[in-house]
1. Can you give me the angle between helix 33-42 and the longest principal axis of the chain, using Cα atoms only, in degrees from 0 to 90, rounded to the nearest 10?
2. Taking one equal scatterer on every alpha-carbon of the chain, how large is log10 of I(q)/I(0) by Debye at q = 0.06 1/Å?
3. Figure the gain on full extension for M313 and R417 (residue separation times 0.36 nm, minus the Cα-Cα span) and round it to one decimal in nm.
4. For the chain, what does the helix formula give at 222 nm: sum of -39500 (n - 2.57) over DSSP H segments with n ≥ 4, over the residue count, nearest 500 deg cm²/dmol?
5. Within straight cross-link reach of K448, meaning Cα distance under 19 Å, which lysines are found once same-chain residues fewer than 8 apart are removed?
6. Just to be sure I understand the curve: with the Debye formula and one point per C-alpha of the range 89-166, what is log10 I(q)/I(0) at q = 0.11, 0.16 Å⁻¹?
7. Could you line up S414, S342 from fewest to most neighbouring Cβ atoms inside 10 Å?
8. So what are the radius of gyration and Dmax for the Cα set of the range 462-583, in Å?
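None of the figures in this text is laboratory data; all of them are computed from the coordinates on show. If you're wondering where the values come from, they're calculated on a predicted model, not measured in any experiment. As a convention, Cβ positions derive from the backbone with ideal geometry for all residues, glycine included, and neighbour counts pool all protein chains shown.
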Amino acid sequence: MPQKILAGRAPDPQLRGDVVQVKVDQVILSRAPARALAEALSWGLKKTPVEVAVAYDGTCVTDARSLAETDDRADASTPPELPGYNVQIARPGIGFPGPVHLERFAAPARLALTDDPRLATVGGVGMLALVVSPAMLGQALATGSVWLRPPRSVQIHLSGRQRPFVCARDVALELLRRGLDERVRRIEAEHHAPVVLEFAGPSARLLSVPERSVLAGIAPQVGAAAAIFVSDEKTEVFLRDQRRSKAHRAIVPDPGAPCEEVVSIDLSAVDPLVMDEEGTVRPVRDLAGKPVAQVVLGGDSGTTLRDMLAAAMLLKSKRVPSRLDLLVSPPSRQVLEVLAQSGALVDLVATGARVVEPDARVISSEVYPPPKGALSVRTADPEPRTPGSPRFVVASAETLAYAVATGTIGDPRSFKRPVRVTVPRALPTDDVLVLRDKKGSESQGVKKPSLPTPREPFRDAVSLEVVEGCRTPQGRKAAGDGFVWVLGSLDEIRRGGDAPLAREGVRALVAELVPSQVVTTLSSEGIACFSTDAAGLEALRGQKALALPAPAKWSEPIVTTAGKSKLTLTFLARGAEVGWVTAGGMKPTPAKKG
């Protein structure tokens with residue numbers, strides 16, 4: 001399915017070549033809208049030609065820091081002049097980007113580019129969403145096209161029917177427990193191409209689009225570039241309920257279409273599961289009886305409107321235990337309205353819940369962090385687990401309801417009688433918080449967003465200061481020609497690839513395996529990606545500098561030194577990416593005079 005989407009948008013339908021140029025349908029800005037606009041302006045943006053372009057302002061709870069960032073036109077701010085370039089603004093309070101985009105903008109058989117990996121959830125409607133750099137987003141906004149690596153596919157064949165008290169969240173955790181990340185890693189290493197998860201099978205057609213989005217949301221955690229479901233009658237019903245039936249297009253895999261591997265899962269064999277604080281998926285009974293101090297129901301992934309209504313029904317007439325905080329974060333304004341109209345919100349508030357705003361910092365745990373020394377249980381997928389990051393347990397909404405009812409983790413099947421939930425078909429679809437004013441909003445005396453200092457092109461041999469982990473020492477320049485990140489885990493690589501604002505001064509990255517989509521993303525910013533074996537990675541740790549030869553020698557395995565140790569590096573860029581790296585990043589094509 002991803003190949004079908006790209007083939008219809010590429011000059012060469014066969015997708016021959018390491019990197020191909022494709023037309024873009026949608027651009028979704030979430031983490032660095034101002035940076036993407038600055039990049040687009042450098043490409044000569046007047047009006048974006050893409051079908052849909054949306055910037056999500058995720059700062060609902062303003063403080064002195066967020067106001068200062070807005071005044072300074074920081075990269076993460078949302079410039080008010082975006083509508084003047086045909087880019088809509090989803091204002092604070094509308095909800096988290098993933099659920100809102102699924103409801104209001106996502107469309108089957110389209111290609112979307114974004115800077116937020118958590119938008120993989122829109123694959124539930126049959127749309128292919130790929131994470132790219134602000135530089136590539138700027139090119140897409142200005143020209144309507146971008147260069148990408150053709151992907152490979154892993155098909156996930158779903159069969160059977162879910163049992164009572166087993167939610168889509170549990171099925172997603174079961175896929176993680178099956179070692180899907182190892183399969184993706186093996187295909188990446190063999191083909192050097194992004195891997196897309198394709199969900200198919202008889203039971204895929206039984207799941208609602210919101211349930212499909214929960215499963216699609218696991219793509220970043222297993223190192224996949226994206227995930228996509230078939231678009232069928234369920235998709236058409238979902239879009240009709242959202243009053244967007246014209247956006248529907250059917251998309252299914254062609255009979256006999258090649259895929260690298262097939263993973264089969266029987267939904268009727270899935271039990272309630274949890275992901276513990278270390279990222280290990282376990283049966284909920286393994287943690288049964290552990291006291292819980294915080295519960296966060298909702299967020300941008302892992303829960304659907306049906307799950308929220310079910311949790312409210314299970315908790316009706318119950319009270320929050322002492323020493324437990326119940327926070328309810330509705331995924332979108334639409335979900336909040338339905339909860340209010342149905343009375344479910346009243347039931348949750350009567351239980352003792354606190355309703356919190358859909359601020360992006362709720363997901364990153366910058367606000368409402370897990371209590372120290374106590375257990376926090378949430379429905380949303382975690383951010384990459386890196387040293388110092390907040391840790392919490394991930395479970396389904398019904399497992400969370402049991403934790404609130406008893407104060408401890410336990411199997412939700414102990415409720416004995418499952419609830420029957422009817423999701424209303426008449427949904428509120430008023431886009432009052434979407435700013436579409438084509439004139440935009442210009443503020444006098446406010447500076448335009450600007451690009452960061454460009455990276456130096458790679459011309460000669462360089463010596464790079466070694467930094468372990470995806471961070472850059474604040475307030476100082478590298479001792480050599482820049483920094484090189486030495487990353488050991490997939491979560492560290494995800495953090496480095498997902499954080500465009502943390503890459504200042506970084507010239508290279510070294511890891512055992514770097515996902516191809518991350519290579520493309522970093523190459524477009526002039527960052528060279530190299531792979532090495534476990535021994536070479538260990539030799540780099542604790543070293544002060546890494547010597548790299550001139551780019552002319554990168555086409556062959558590089559034998560270099562780190563301190564007294566020798567290691568072999570393999571340059572991972574392909575096709576046009578090589579030129580981006582050596583030039584210090586993607587460069588706009590100068591306009592021809594006359």
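1. It is inclined by approximately 30 degrees.
2. Log-scaled intensity ratios, in q order: -0.30.
3. Full-extension gain reported as 36.3 nm.
4. It comes out at -7000 deg cm²/dmol, rounded to the nearest 500.
5. The reachable lysines, counting only those whose Cα sits under 19 Å from K448, are K46, K47, K438, K439.
6. At q = 0.11, 0.16 Å⁻¹ the computed log10 ratios are -0.39, -0.75.
7. Ranked by crowding around the Cβ, least crowded first: S414, S342.
8. So, for the range 462-583, Rg and Dmax equal 12.9, 36 Å respectively.
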